[in-house]
Amino acid sequence: MLNAVWVAVIVAVAFWVVGVCAAVYVMAKAARLMSQTTDAVAGLRERQESLIERAGDTIDRANEQLVKTDAITASMDEVTANMAELTGRMTALAPLARVIAASAGSPAAKVAAMAYGVNRALWMRRSAGAQRRSRPPAVRPAARPTAPAMRALPRPAAPGWRRAALSGQRDEASP
C-alpha cells in the first residue's frame with residue numbers, strides 16, 4: 001500500500017512534470033516569437049537599404065535641379081543687367097521720340113507725305129504706259145462704247161508675300 005510519503009512524492013512528480021511541460025511550451029512559443037522577430041528585422045534592413053538608396057537618388061536629382069536653378073539665376077542676373085542698359089538707352093532716346101511724334105502732324109510732314117504720294121502716282125503711270133507701249137494693240141468689240149482711259153488699281157499682294165517699302169519689289173514674308 002501506499003503511505004503518505006509515496007503519495008506526496010507522486011503528487012510532487014506530477015506537479016514537476018506539469019511545470020516542465022509548461023516551461024517547454026513557453027520556450028517553444030518564445031523561440032517562434034524570436035524567429036519571427038529575426039525575420040521582421042531582416043526585412044526591415046532590406047527595405048532600409050532600398051529606402052536609403054532611393055533617398056540618395058532623390059538627393060542627387062535635387063542637386064542637379066539646384067545646379068540648373070543656379071544657371072537660370074545667373075542668366076536672369078544677365079537679363080536684368082541688359083534690361084537696365086536698355087532702359088538707360090531708351091531714356092536717352094525719349095526726347096528724340098517726342099520730337100518725332102510731335103513732327104508727325106506738322107505741316108512739313110504733311111507736305112512730305114503729299115510729295116511722296118504724287119511721286120508714287122507718277123511712277124505708277126509711267127510703268128503702266130511702258131507696258132501699254134510694249135504690247136500689241138488689243139482688238140476691241142465695236143458694240144462696246146469707249147470710256148475714258150481708266151486704269152485698274154494694283155492688286156494686293158498674295159498671302160505670304162509682302163511688298164518691300166518704297167521699292168515695289170516683293171520679298172517672301174518670314175513667318
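Within the range 91-110, is there a residue that is modelled with pLDDT under 90, under 33 Å from the mean Cα position of the chain (by Cα) and loosely packed, with under 10 Cβ neighbours inside 10 Å? Give the steps one after another, and end with the answer.
Here is the first cut: in the range 91-110, the ones modelled with pLDDT under 90 are 91-110.
Retained after the next criterion (residues that are under 33 Å from the mean Cα position of the chain (by Cα)): 91.
Checking the rest, the ones that are also loosely packed, with under 10 Cβ neighbours inside 10 Å come to 91.
Yes, some residue in the range 91-110 is modelled with pLDDT under 90, under 33 Å from the mean Cα position of the chain (by Cα) and loosely packed, with under 10 Cβ neighbours inside 10 Å.
Before we move on, is ALA62 more than 38 Å from the chain's Cα centre (by Cα) and part of a helix (DSSP H, G or I)? No, not satisfied.
The values are calculated or read from the model by the stated rules, or taken from the named source; none is laboratory data. In this text the structure is predicted, and so the values were computed from the model without any measurement. Note that each Cβ is placed from the backbone with ideal geometry, even for glycine, and that neighbours are counted across all protein chains shown.
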